[in-house]
Amino acid sequence: MKKAEDKTEESKSMYSKNDFVPLALFLEENRIEAGLDEAGRGCLSGPVFAAAVILDPANPIEGLNDSKKLSREQRFELREQILEKAICYGVATCTAAEIDEINILQASFLAMHRAVDQLSLRPACLLIDGNRFKPYQDIPYTCLIKGDGKMASIAAASILAKTYRDEWMENLHHEFPYYGWLSNKGYPTREHVRAIALHGRTAHHRMTFRWDKNFHQLEMEF
């Protein structure tokens, strides 16, 4: 377990696949753990969403997995179970304007912090998907590479973050139909990039972001 410090840093202890039973309920038993994940870091438009989830060991949810490995139908079915069965959860965002101001990495951390703020129960440890995190108050945390495929609570957080963000972008599509957000959800697809060239950017676009010839998102240096 990693103690919170005053600066962002990589987790000093990473775990190999052999250290985990996939989608384990706890990293350490008899401890209140909240799983955290985000959605939308690689997009050209829209907010970044984050979720925090504390699962109930007495009310398990079957089928939890990395949201990217699930179909849309599976994600939304699991979301309903998470909302019903989890002890508590929080979903939060950082806007495109905030992303431009503080950069996407810091915005992802801030969205995660805001999600933890919404939890009705204070966790004893935060489980983070990825290899970096900015400490939240004095709560210890552990970073897990590909944690959404290892820990059930992180998988649940990934499902909430993705489904709520997808819905947000789909609703925004009706106001700005040119950009293909109904399907690309703000990611730098050929359709999206061409629409930006033709129609310009909206207030929901990240003005500091660019893309390469293969339509991979690039963020300008700060």
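The values are calculated or read from the model by the stated rules, or taken from the named source; none is laboratory data. This one's a predicted model, so the numbers in the text were calculated from it and none came from an experiment. FYI the Cβ positions are ideal-geometry reconstructions off the backbone, even for glycines, and counts take in every protein chain you see.
Inside segment 146-172, can you point out the residues that are in a loop (DSSP other than H, G, I, E, B) and closer than 17 Å to residue 39 by Cβ?
Quick first cut of segment 146-172, residues in a loop (DSSP other than H, G, I, E, B) only: 146, 150.
Matches in segment 146-172: 146 only.
Looking at 148, 129, 138, which is the one that is more than 25 Å from residue 204 (Cα to Cα), in contact with a Gly (Cβ under 7 Å, 6 or more places away or on another chain) and not aliphatic (A, V, I, L, M)?
On the way: 148 fails: in contact with a Gly (Cβ under 7 Å, 6 or more places away or on another chain); 138 fails: in contact with a Gly (Cβ under 7 Å, 6 or more places away or on another chain).
Of the residues listed, the single one that is more than 25 Å from residue 204 (Cα to Cα), in contact with a Gly (Cβ under 7 Å, 6 or more places away or on another chain) and not aliphatic (A, V, I, L, M) is 129.
When you check residue 139 against the structure, is it modelled with pLDDT of 95 or more, part of a loop (DSSP other than H, G, I, E, B), in the same structural domain as residue 99 (by TED's automatic domain parsing) and under 21 Å from the mean Cα position of the chain (by Cα), yes or no?
Working: modelled with pLDDT of 95 or more: yes; part of a loop (DSSP other than H, G, I, E, B): yes; in the same structural domain as residue 99 (by TED's automatic domain parsing): yes; under 21 Å from the mean Cα position of the chain (by Cα): yes.
It is true that residue 139 is modelled with pLDDT of 95 or more, part of a loop (DSSP other than H, G, I, E, B), in the same structural domain as residue 99 (by TED's automatic domain parsing) and under 21 Å from the mean Cα position of the chain (by Cα).
Report, by residue number, each residue of segment 117-131 that is surrounded by fewer than 21 Cβ atoms within 10 Å (Cβ to Cβ) and either among the hydroxyl-bearing types (Ser, Thr, Tyr) or in contact with a Phe, Trp or Tyr (Cβ under 8 Å, 6 or more places away or on another chain) (or both).
Of everything in segment 117-131, those that are surrounded by fewer than 21 Cβ atoms within 10 Å (Cβ to Cβ) and either among the hydroxyl-bearing types (Ser, Thr, Tyr) or in contact with a Phe, Trp or Tyr (Cβ under 8 Å, 6 or more places away or on another chain) (or both) turn out to be 118, 119, 120, 125.
Looking at this structure, is residue 42 assigned to a loop (DSSP other than H, G, I, E, B), over 21 Å from residue 139 (Cβ atoms) and touching a Phe, Trp or Tyr at 6+ places or on another chain (Cβ under 7 Å)?
On the way: assigned to a loop (DSSP other than H, G, I, E, B): yes; over 21 Å from residue 139 (Cβ atoms): yes; touching a Phe, Trp or Tyr at 6+ places or on another chain (Cβ under 7 Å): yes.
The answer is yes for residue 42.
Name the residues in segment 142-170 that are over 15 Å from the mean Cα position of the chain (by Cα) and surrounded by fewer than 19 Cβ atoms within 10 Å (Cβ to Cβ), would you?
170
Being out of contact with any strand residue (DSSP E or B) (no Cβ under 6 Å at 6 or more places or on another chain) and among the small types (Gly, Ala, Ser) is the filter here; which residues of segment 97-129 pass it?
97, 124
Is it true that some residue in segment 95-116 is at pLDDT 95 or above, within 15 Å of the chain's Cα centre (by Cα) and outside any helix (DSSP H, G or I)?
Checked against the condition, which is being at pLDDT 95 or above, within 15 Å of the chain's Cα centre (by Cα) and outside any helix (DSSP H, G or I), segment 95-116 yields at least one hit.
What are the residues in segment 1-44 that are at pLDDT 50 or above and under 12 Å from residue 154 (Cβ atoms), if any?
Passing the criteria: 22, 23, 24, 25, 26, 27, 33, 34, 35, 36, 37, 38.
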